[in-house]
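Take a look at the structure set out below.
The values are calculated or read from the model by the stated rules, or taken from the named source; none is laboratory data. Because the structure is predicted, anything quoted here is derived from the model rather than measured. Neighbour counts are summed over all protein chains in view; Cβ atoms, including those assigned to glycine, are modelled from backbone coordinates with ideal geometry.
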Amino acid sequence: MLLRRRIRNYTQAPITHQVAMDLLAEYDRPNDKISEMIRRGELISLRRGLYIPGPEVDLPTPDPILIANHLRGPSYVSLETALSYWDMIPERVVEVSSITLKTSITYNTPIGRFSYRHGAAPYYSFGIVRAELTPQQMALIASPEKALCDTIVYTSGVLLRSLSQTMDYLLEDMRLDEDALRQLSIPTMQTWLADAPKRSSLAMLINTLERL
């Protein structure tokens, strides 16, 4: 199959429109060929100009976390998605949540929902790590500490005002693993406070973690 033969070396990340055009350069109307491949299930369009292999070509597709990095950049995966990745919560989340320097947006794609919330610098840049999803796929994701802080910062209505309230929020509402909470680097989180939104809530979080 033409598509499979030509793009099998381009399956470790989403395929850009330019790459697709280069692979189909022999066609007089490559854009029409791309549209045909989408109709036939050989390509899946994630958004305008970004694709992954479709079910009809039997090729691997990139990890959703890596796809999220490419759908809207600059961005990094965070919130419940990152907490789940680090095994801090028991649930496996369906939506892939990210923080971006751009405006907030949600993409409903054929492979799932990808949401982005705006984050401002300099807080945005703290606690981003490169995670090895596979030997060929590296993605930007929040560290466990940043994922927890982001969840508090970017969740509307979450204001932490006491030790007991914070403990209930962490263990009852979010169902966070208590052993995982004990492993968090409190000194690292403290360095973010001066430039963080919801500074008092994050200070209460740190105060609570110190008592675990």
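Residues that are touching a strand residue (DSSP E or B) at 6+ places or on another chain (Cβ under 8 Å) and part of a loop (DSSP other than H, G, I, E, B) within segment 28-42 comprise just one, Glu42. If you go through segment 47-62 and pick out every residue that is part of a loop (DSSP other than H, G, I, E, B) and either buried (at least 20 other Cβ atoms within 10 Å of the Cβ) or touching a His at 6+ places or on another chain (Cβ under 6 Å) (or both), you end up with 3.
Any chance you could count how many residues in segment 194-206 are farther than 15 Å from Tyr154 by Cα and either without any contact (Cβ under 8 Å) to a residue 24 or more places away in the chain or not assigned by TED's automatic domain parsing to the domain that holds Glu145 (or both)? Total meeting the criteria: 3.
One residue stands out in segment 95-125 among those that are assigned to a loop (DSSP other than H, G, I, E, B) and either in contact with a Gly (Cβ under 6 Å, 6 or more places away or on another chain) or of a type in the set (S, T, N, Q) (or both): the one that is surrounded by the fewest Cβ atoms within 10 Å (Cβ to Cβ), namely Thr103.
If you check Pro90 against the conditions, is it farther than 21 Å from Leu43 by Cα, loosely packed, with under 14 Cβ neighbours inside 10 Å and either not basic (Lys, Arg) or not assigned by TED's automatic domain parsing to the domain that holds Thr191 (or both)?
yes
Every test in (1) surrounded by fewer than 16 Cβ atoms within 10 Å (Cβ to Cβ); (2) at negative phi; (3) touching a residue at least 24 places away in the same chain (Cβ under 8 Å); (4) not assigned by TED's automatic domain parsing to the domain that holds Leu140 is passed by Asn9 save one, and that test is (3). Just one of the listed residues (Ala147, Ala142) is hydrophobic (A, V, I, L, M, F, W, C), closer than 29 Å to Ser45 by Cβ and touching a helix residue (DSSP H, G or I) at 6+ places or on another chain (Cβ under 9 Å), and it is Ala142. Of all the criteria given as (1) in contact (Cβ under 8 Å) with a residue 40 or more places away in the chain; (2) in contact with a strand residue (DSSP E or B) (Cβ under 7 Å, 6 or more places away or on another chain), the one not satisfied by Cys149 is (2).
Taking the criterion of being under 13 Å from Thr188 (Cα atoms) and out of contact with any Cys (no Cβ under 8 Å at 6 or more places or on another chain), the only residue of segment 127-141 that qualifies is Ile128. Inspect segment 105-113 for any residue being over 11 Å from the mean Cα position of the chain (by Cα), closer than 27 Å to Pro187 by Cβ, assigned by TED's automatic domain parsing to the domain that holds Pro197 and not basic (Lys, Arg) and give the result as yes or no. So far as segment 105-113 goes, no, none of its residues is over 11 Å from the mean Cα position of the chain (by Cα), closer than 27 Å to Pro187 by Cβ, assigned by TED's automatic domain parsing to the domain that holds Pro197 and not basic (Lys, Arg). When we screen Leu171, Leu184 for residues that are part of a loop (DSSP other than H, G, I, E, B) and either in contact with a strand residue (DSSP E or B) (Cβ under 9 Å, 6 or more places away or on another chain) or modelled with pLDDT of 95 or more (or both), the only hit is Leu184.
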